[in-house]
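The values are calculated or read from the model by the stated rules, or taken from the named source; none is laboratory data. In this text, all values refer to a predicted model and were calculated from it rather than measured experimentally. When we count neighbours, we look across all protein chains shown, and the Cβ atoms used for this are built from the backbone with ideal geometry, even at glycine.
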Amino acid sequence: MLSKLPICTILAETDLAKTRALVAKVEKDSTFFELRADFLSNLNEELIYSLKKILKLPTIFTLRDIENGGQFAGSNAEKLNFYRQAADASYEYLDLELDSPLIDVFDRKKSKLLLSYHNFSKTPSLAQLRSIIATAQAKNPDLIKIATFVNQTTDLQVLAKLLLDHQVSKQLIVVGMGELGKPSRAFFPYLGSFLTYAVFNNKIASGQLSLLEMQKYVF
């Protein structure tokens with residue numbers, strides 16, 4: 001059992017039945033869930049509520065659009081409507097991109113706000129990442145996620161330094177993407193990352209670790 005790592009297991013299934021079956025397999029080894037709602041084939045209000053009823057762990061509701069590496073192709077108005085439904089259904093966290101226009105109309109009373117920054121090609125410099133975090137902090141989120149592509153081992157050092165800078169705040173999630181970023185997924189929680197992401201067996205991003213692979217890193 002992976003009880004020593006704060007693992008957020010990604011649920012990226014296409015319907016309620018498949019999600020329920022996956023939850024049954026991974027719940028005991030998870031601390032959080034991330035519901036990737038953009039993978040659902042027929043997203044609607046009833047489905048959002050039905051899914052929350054089976055998700056007994058704190059859950060991040062994520063509706064990632066295509067330009068940010070997801071599957072959602074709808075409008076901002078549609079996206080806002082789904083996020084409002086998720087808040088009404090009591091999802092604990094709503095994940096929005098740092099540059100999302102929806103942040104200004106986000107209802108902070110119902111769900112916590114997780115602001116995400118993704119860079120799918122490189123890891124910016126430490127100074128640039130500090131600036132990105134400062135921009136995010138100005139929007140007063142509950143959590144900040146930084147996910148960057150690791151092209152060389154020095155990129156991991158930059159991300160680790162970023163985590164150590166913010167170790168006291170306990171509000172930062174840092175992930176290194178790509179094959180060279182794999183160590184970050186196992187070890188960054190020990191440096192203060194609020195959580196780490198894992199999958200059961202359906203990897204949807206480069207460098208992701210499965211729950212089984214994660215077991216070897218539990219101290």
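Things worth noting here:
- One residue from Ser116, Ser75, Ser90, Ser121 being at positive phi and not aliphatic (A, V, I, L, M): Ser90
- The lone criterion from (1) assigned to a loop (DSSP other than H, G, I, E, B); (2) more than 23 Å from Val199 (Cβ to Cβ); (3) under 17 Å from the mean Cα position of the chain (by Cα) left unmet by Leu57 is number (2).
- Put simply, of Phe33, Phe106, Phe82 the only residue that is touching a strand residue (DSSP E or B) at 6+ places or on another chain (Cβ under 7 Å) and touching a residue at least 24 places away in the same chain (Cβ under 8 Å) is Phe33.
- Filtered residues of segment 66-78 (kept if surrounded by fewer than 19 Cβ atoms within 10 Å (Cβ to Cβ) and either under 17 Å from Leu35 (Cα atoms) or of a type in the set (Gly, Ala, Ser) (or both)): Ile66, Asn68, Gly69, Gln71, Ala73, Gly74, Ser75, Ala77
- On the stretch given as segment 60-85, residues that are within 14 Å of Glu97 (Cβ to Cβ), of a type in the set (Phe, Trp, Tyr) and part of a helix (DSSP H, G or I) total 1.
- Within segment 35-52, the set of residues being of a type in the set (D, E, K, R), crowded, with 17+ Cβ neighbours inside 10 Å and assigned to a helix (DSSP H, G or I) comprises Asp38, Lys52.
- Among the residues of segment 140-170, those identified as assigned to a strand (DSSP E or B) and over 20 Å from Phe32 (Cβ atoms) are Thr148, Phe149.
- Residue check for Ser100: assigned to a loop (DSSP other than H, G, I, E, B), under 18 Å from the mean Cα position of the chain (by Cα), surrounded by 15 or more Cβ atoms within 10 Å (Cβ to Cβ) and of a type in the set (Gly, Ala, Ser): yes
- Residues in segment 103-139 that are farther than 15 Å from Lys79 by Cβ, among the aromatic types (Phe, Trp, Tyr) and in a loop (DSSP other than H, G, I, E, B): Phe120 only.
- Residue ID - surrounded by the fewest Cβ atoms within 10 Å (Cβ to Cβ), chosen from residues in segment 1-29 that are under 14 Å from the mean Cα position of the chain (by Cα) and touching a residue at least 60 places away in the same chain (Cβ under 8 Å): Pro6
- For the criterion of being more than 17 Å from Ser116 (Cα to Cα) and either among the aromatic types (Phe, Trp, Tyr) or modelled with pLDDT of 95 or more (or both), Leu180 passes.
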